[in-house]
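Since the structure comes first, as structure tokens, the remarks are kept for the end.
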Amino acid sequence: MAVFSQVAPSFASRSGPLARFALFALVIAAPFFLPNVARADFRVCNGTQNLVGVAIGYRAKDGWITEGWWQVPATTCATLIEGELQSRYYYLYAEDAARGGRWTGDIQMCVAENEFKIVGVQDCFARGHQRMGFKEYDTGRQGSWMVQLSDTPGTQESQN
């Protein structure tokens with residue numbers, strides 16, 4: 001006695017090009033029809049034509065934290081903090097890898113030569129770190145924030 005098993009062909013193989021296109025269009029359009037899910041995070045976008053190294057500082061339960069380096073290629077963005085922002089103020093320092101330009105501020109925090117996460121902003125040199133001026137960003141306690149780095153002064157920050 002022989003037992004025959006039949007496997008149903010996949011949607012793609014039994015449907016014509018029009019049906020496959022409709023499925024593709026549905027997948028692409030789905031985010032516009034689904035309830036808005038807010039993506040909260042702290043992002044930095046590099047509007048220059050060069051690679052930029054970025055460090056961030058913020059207040060956490062353990063005290064002041066600085067972290068780096070995110071390598072943000074030209075005309076791309078990077079997420080530095082994922083999820084809902086917990087602090088009102090964040091601090092940013094960035095360097096243009098090719099031309100040596102910097103985005104700085106007046107708030108002194110610790111950084112290291114290579115990838116780092118440093119607790120505390122005091123005695124940077126004594127602890128083997130460097131000290132750099134970070135720019136303060138007041139997020140107004142919003143859940144997400146984006147900073148746009150550019151060659152043009154005055155276009156470096158925005159919200160959401």
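Summary of computed values
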| item | result |
| --- | --- |
| Rounded to 5, the percent of DSSP beta bridges in segment 41-159 classed as antiparallel | 90 percent |
| Linear extension gain, Q148 paired with T79, 0.36 nm per residue minus alpha-carbon span | 23.6 nm |
| Theoretical FRET efficiency, 1/(1+(r/R0)^6), r = Cβ-Cβ of Q122 and Q49, R0 30 Å, to 0.05 | 0.20 |
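Any read-out appearing in this document is the output of simple, stated calculations on the displayed coordinates, not a laboratory observation. Fair warning: this is a prediction, and the values are worked out from it, not measured in the lab. Neighbour counts are summed over all protein chains in view; Cβ atoms, including those assigned to glycine, are modelled from backbone coordinates with ideal geometry.
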